[in-house]
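Participant: I have a structure I would like to understand better, so I am pasting it below and will then ask my questions one at a time.
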């Protein structure tokens, strides 16, 4: 196995192995290990982008978000998907789900303006919805929240802005990664 693949936590390694198999990416490179290494590099680039953008937008990492916490959050899953969970407004949250773009077993994107969480959000566990754009995500790698309190409308606008930047970054990373196959 390659150096980049080996640097990933086991949960991410599992997702990458599965992705190479389901997308049949190993057919286009010299070996299965080469495919793992290329996707690992892409995942690491996404991780770096996530951390840089959340830091630039004055967000901080947290271990969890309770259902009764009215703040919004930006989440990156072990599979590399993004989930933008807006602040609670009128008992609901606006939620946008964006997959990594290489998977064919999940929607590329999905949104629900009146989402309801079914449990607290925690690192290492899936995000689950009573009502939402998806029923259940893959396990959470990172959760970012804004450092300072703000009005829900402003928070949602800023979450949307960071999500848009990350979606563009992730798409560019996917494009570069796919060109290598």
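Every read-out reported here was derived from the displayed coordinates using simple, explicitly stated rules and does not represent laboratory data. Model, not experiment: these values are computed from the prediction. Please note: Cβ atoms are built from the backbone with ideal geometry, for glycine as well, and neighbour counts cover all protein chains shown.
Participant: Let me see the pair-distance distribution of region 1-180: every alpha carbon pair, 10 Å bin width, integer percents in order.
Facilitator: Percent of pairs per bin, in order: 10, 39, 33, 14, 3, 0.
Participant: Something else now. Show that you can apply the helix-only estimate: for the chain, add -39,500 (n - 2.57) for every DSSP H stretch of four or more residues, divide by all residues, and state [θ] at 222 nm to the nearest 500.
Facilitator: Roughly -13500 deg cm²/dmol at 222 nm, from the helical runs in the chain.
Participant: Let me ask you something else. Calculate, in nm to one decimal, what residue 178 and residue 63 gain on full extension: separation in residues at 0.36 nm each, minus their alpha carbon distance.
Facilitator: Separation in residues times 0.36 nm, less the Cα-Cα distance, equals 38.2 nm.
Participant: Also: I need the peptides 170-177, 13-20 ranked by packing, meaning the mean over residues of other C-beta atoms within 10 angstrom, with the highest value on top.
Facilitator: In decreasing order of mean packing, 170-177, 13-20 become 13-20, 170-177.
Participant: What nm value, rounded to one decimal, do you get for the distance between residue 167 and residue 33 when each label is placed 7 Å out toward the C-beta?
Facilitator: 3.9
Participant: Follow-up question, since we're still on this one. Over region 1-85, calculate the relative contact order: mean separation of alpha carbon pairs under 8 Å at least 6 apart, over the residue count, as a percent.
Facilitator: Taking the mean separation of contacting Cα pairs over the length of region 1-85, I get 29 percent.
Participant: Going by average Cβ density within 10 Å per residue, which order do the peptides 90-96, 78-84 take, highest to lowest?
Facilitator: Those peptides, ordered most packed to least, come out 78-84, 90-96.
Participant: With contacts defined as alpha carbon pairs under 8 Å and 6 or more residues apart, what's the relative contact order of the chain in percent?
Facilitator: Answer for the chain is 24 percent.
Participant: State, to one decimal in nm, how far the label point of residue 22 lies from the label point of residue 148, with both points 7 Å from Cα in the Cβ direction.
Facilitator: Computed distance between label sites residue 22 and residue 148 equals 4.1 nm.
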